[in-house]
1. If you line up the Cα atoms of the stretch B:2-149 on their principal axes, what length do they span on each, largest first, in Å?
2. Per residue of the stretch A:94-111, what does 6.51 cos²θ - 1.76 cosθ + 1.60 with θ = phi - 60° give for ³J(HN,Hα)? Whole Hz please, x for Gly and Pro, Karplus curve as stated.
3. At a Förster radius of 30 Å, what calculated FRET efficiency corresponds to the Cβ-Cβ distance of A:ILE172 and A:SER296, to the nearest 0.05?
4. At 222 nm, what helix-only mean residue ellipticity would the protein assembly as shown give, in deg cm²/dmol to the nearest 500, using -39500 (n - 2.57) for each DSSP H run of four or more?
5. Measuring from label point to label point, each 7 Å out along Cα→Cβ, what is the B:GLN29 to A:ASP186 span in nm?
6. Could you work out the relative contact order of chain B, using alpha carbon pairs under 8 angstrom and six or more residues apart, expressed as a whole percent?
7. How large is log10 of I(q)/I(0) for chain A at q = 0.06, 0.12 Å⁻¹ when the intensity is taken from the Debye formula with one equal scatterer per alpha-carbon?
8. Scan the stretch A:7-44 for trypsin sites (Lys or Arg not before Pro) in coil per DSSP, keeping those whose Cβ has at most 15 other Cβ atoms within 10 Å, and list them by number.
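The numbers here are math on the coordinates, done by the rules we state, and not lab data. A quick note: this is a predicted structure, and the numbers were derived from the prediction, not measured. Using ideal geometry, Cβ is built from the backbone for each residue, glycine included, and neighbour counts are taken over all protein chains shown.
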Amino acid sequence: MGSMKTARLLAALLVVGVSGFAAFWWLSRANPISASELPTRTPDLANGRYVFDAAGCASCHAVPGQPDRFRLGGGLSISTAFGTFHAPNISPDATDGIGKWTEADFVNAVMRGISPAGEHYFPAFPYASYQHAEINDIRDLYAFIRTLAPVTGRVRAHEVRFPFNIRRSVGIWKQLFMDGKPFTPDASHSARWNRGAYLVNSLGHCAECHSPRNALGGIIERQRFAGGPDPEGEGWVPNITQKGLADWSEDDIADFLESGITPSNDSAGGSMVRVIRNTSQLRPDDRTAMADYLKSLPPIEGPTRVRKSN
Amino acid sequence: MKRLMMVASGILLLAAASAAMAQQDIAVQQDNVMRQQAKYLYGVMLRMSRGRIPYDQAAVDEALVELEKSVGQIATVFGPNPNENVVNAEYGSSPKVWQNKADFESKIPPVLKTIGDFKGKIHDVASLTTAYTAINDSCNECHETYRLKLK
């Protein structure tokens, strides 16, 4: 009788285990866009170059320590609570870069966080923001990057701690923290505000650094844009809701995005220096649009800062 | 005996307070050097290049001289590590300044060279804008690694 009960219990556990694994496998699967969803079109290379700046590609993928923003051999190391990520080579080199990628491979990487082999990329690559981009912007970006010089040299593999290094589990992360929705203009706001919202929330991926994150590395939605500890470990990323920027005029924000200089004559530091190198390339009306949108963010209290000395 | 202990504690407290003050003084001194540069680079050159204040040749020439002087003081002023930031400051120095001292100091001569290259060569808003951009870019080479946003 006892062994019967044990057998039943084991059978029940097996069923639960298999069902659980099947659910995990199903939920964590990659969901790529197929090439047939990309109708033939002539790319706009000038727009591709503009998207390159708006999306801040050079910030992580340009070879560090040299001035050429279009030398996309990667190599920047990004230390986070989950491990150290090494930005890959995205130059058109066929062996070490993305020279063999199809347009669909590129769109899937940027907008879905899926590699050509169907694996999930780690969300240090800000595809949770890029998912909201206009698909034609990303197609133009692909065409533009293919015009750049190939750079040889493969970047070392990421060093991510267990269990975060299980790429399949990133599929669950995506279920939790990505809505898969394209950017939708808000008719109650002006065209300029909507353009700013698009740039800030998709290509500009501002919230990726300017928001606190939970233990799984997802943005804490109620505090989106409210700042927090620098994910790279040192310093503080400021609150860019009206809690932090109430004293800044729209012109102050637009000026800062061009020059990196604050209204009180301080200059940007850390990774924001790289961001300014990109935003300084944008059209003045786009910087103003971003400022317009940012000024509309209601004041939200950010996380409490723990004061640290050097 | 009790009085002696009180005096000794008082002296110790005063010593600790003055040491802390000295550290804060160092941090303030370092901040002041950078603010001096901001005053000329942003307060004069950037504002003038954008047409927010009228072009003034004497002010431009003075800005370059003062910038060169102030940037030349960075290595000395940033010699000691205050181990703290200026109280309530928005920005501060990364500990990397003192961890990678040689690299930090290696960023200074290129800034001085860029400033020197533009001496006597700025005559109008266009050449001022070119100079401002080049000098600011050379400053940012350092700010990216060694300047921290604190709040």
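1. 73, 32, 24
2. With coefficients 6.51, -1.76 and 1.60, one gets 5, 8, 9, x, 10, x, 9, 6, 7, 4, 5, 4, 5, 4, 5, 5, 6, 9 Hz.
3. Calculated value: 0.35.
4. So the calculated ellipticity at 222 nm is -14500 deg cm²/dmol.
5. 5.1 nm
6. Working: 130 pairs, mean separation 44.6, N = 151.
With pairs under 8 Å counted, the relative contact order is 30 percent.
7. Taken in order of the listed q values, log10 I(q)/I(0) reads -0.23, -0.85.
8. Passing sites in the stretch A:7-44 are A:ARG29, A:ARG41.
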